[in-house]
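Let me begin by presenting the structure, written as structure tokens, before commenting on it.
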Amino acid sequence: MNLVVIGGGVGCARFVMGLREHVRRTGGRDRIDVVVNTADDWWVSGLRIAPDHDSLLYALAGVNDLTRGWGRADESERVSGELAAWGTAPAWFTLGDLDLGTHIARTAWLREGLSVSEVYRRLGARWDLGVTLHPATDAEVDTHVLLGDREPIHFQEWWVRHRAQLPATGFTQQGIEQATPSPGALDVIAAADVILVAPSNPVVSVGPVLAVPGMRQALAAASAPVVGVSGIISGSVVRGMADACLAAIGVDTSAEAVARHYGARVAGGLLDGWLVDESDAAAAAPLNAAGISTRAVPLWMRDAGTSARLAADALELADTLA
Ligand code: FO1
């Protein structure tokens, strides 16, 4: 089967690794494509940083820093100190030496005129990922955070420098009106047998993918069922600061509220199905009534086994909806 995942960042990486493990355990005949959020991306010291992509790339390649959740394992930071000394990169944004290798290669290819899609292909070709990564769009659509009467700031500054503690009133992706979905994203969505929405940040990782003009239409027109996985368990985010993002757009931090935020496909929204943790089983009845077929399963991804089990649960729900 053709399996497509929408998302980006650490939660998506864990989920995709679980899906890859499930595919391997069941004969390895299924194809996995990921439509990756690019709105986290940022220009620093003349280099293009792509956090949601690089978290997936490094995790699937097995070279990721397991504790921080971003960047490379066995990292050093000699160059980062120099960039801070020259003042071309903020001291609060750590760029590891190995990580800089990726940013330099990516920027070199972009300067040669390659598309982001082509850059993804070249970066992924170095390792046997078992998964194909596609940018949601080849256009630059950086998320900026609205801060009421203050000037908006880039998402990375809000997230890293201010730890999402500056009260935000909203998020915009600059330039998104001119963006179109990447050719790869449209192709894999149209050919999908199942579309899975990863337990990523609904606002700054999944939201910007859906905000690309034409993306919602492509997903609505797809013949595949669309099943999402909650990144919130018992009212708390599993990791990251999605609660600050959800609060900024007036959505409660709950598995039920996020599903309603995505909307039922039968009512013009995104979801046919939704997985919540067993501790949130009470959300199933109201969401089923709203047209989102909801199941309560263990959502914690602790290791390859639990992640593969979660992926299998999502595919089983999709199978009932196909
Ligand atoms: N997150 C931090 O909290 N501190 C950092 O210094 C930092 C550097 C960094 C460098 C490259 C990269 O790809 C990601 C990096 N991140 C850092 C993570 C990143 O800011 C966020 O995890 C994502 O953008 C959120 O989805």
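The values are calculated or read from the model by the stated rules, or taken from the named source; none is laboratory data. Source: prediction; values computed, not measured. Cβ atoms come from the backbone with ideal geometry, glycine included; neighbour counts cover every protein chain shown.
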Confirm whether G130 is more than 29 Å from R24 (Cα to Cα) and either without any contact (Cβ under 8 Å) to a residue 40 or more places away in the chain or in contact with a Leu (Cβ under 8 Å, 6 or more places away or on another chain) (or both). no
What number of residues within the stretch 174-221 satisfy the criterion of being over 22 Å from R20 (Cα atoms) and in a loop (DSSP other than H, G, I, E, B)? 9
Which condition from (1) within 20 Å of the chain's Cα centre (by Cα); (2) away from the ligand (no atom under 16 Å from the Cβ) is the one that L123 breaks? (2)
What is the one condition in (1) crowded, with 21+ Cβ neighbours inside 10 Å; (2) under 29 Å from R111 (Cα atoms); (3) over 11 Å from the mean Cα position of the chain (by Cα) that A61 does not satisfy? (1)
Among what's in the stretch 231-242 and is at pLDDT 95 or above and crowded, with 24+ Cβ neighbours inside 10 Å, pick the residue that is nearest to A318 (Cα to Cα). G231
Among (1) away from the ligand (no atom under 15 Å from the Cβ); (2) in contact with a Gly (Cβ under 9 Å, 6 or more places away or on another chain), the one test that P135 misses: (1)
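Can you tell me how many residues in the stretch 9-31 are within 16 Å of the ligand (Cβ to nearest atom) and at positive phi? Break it down into steps so the answer makes sense when it comes.
Within the stretch 9-31, the first condition is being within 16 Å of the ligand (Cβ to nearest atom), and the residues that meet it are 9-16.
Keeping just the survivors that are at positive phi gives 9.
Count: 1.
Among T137, T107, which is the only one that is of a type outside the set (G, A, S), buried (at least 20 other Cβ atoms within 10 Å of the Cβ) and closer than 16 Å to T38 by Cα? Before the answer, list the steps.
Numbers: T107 fails: buried (at least 20 other Cβ atoms within 10 Å of the Cβ).
Within the list T137, T107, the selection yields T137.
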Which of the residues spanning the stretch 32-54 are within 7 Å of the ligand (Cβ to nearest atom) and of a type outside the set (D, E)? I49, A50, P51
Quick one: A89 ticks every box in (1) out of contact with any Gly (no Cβ under 8 Å at 6 or more places or on another chain); (2) in a helix (DSSP H, G or I); (3) within 11 Å of the ligand (Cβ to nearest atom) except a single one, so which number is it? (2)
Being closer than 24 Å to T143 by Cα and hydroxyl-bearing (S, T, Y) is the filter; apply it to the stretch 55-79 and report the residue that is nearest to the ligand (Cβ to nearest atom). S55
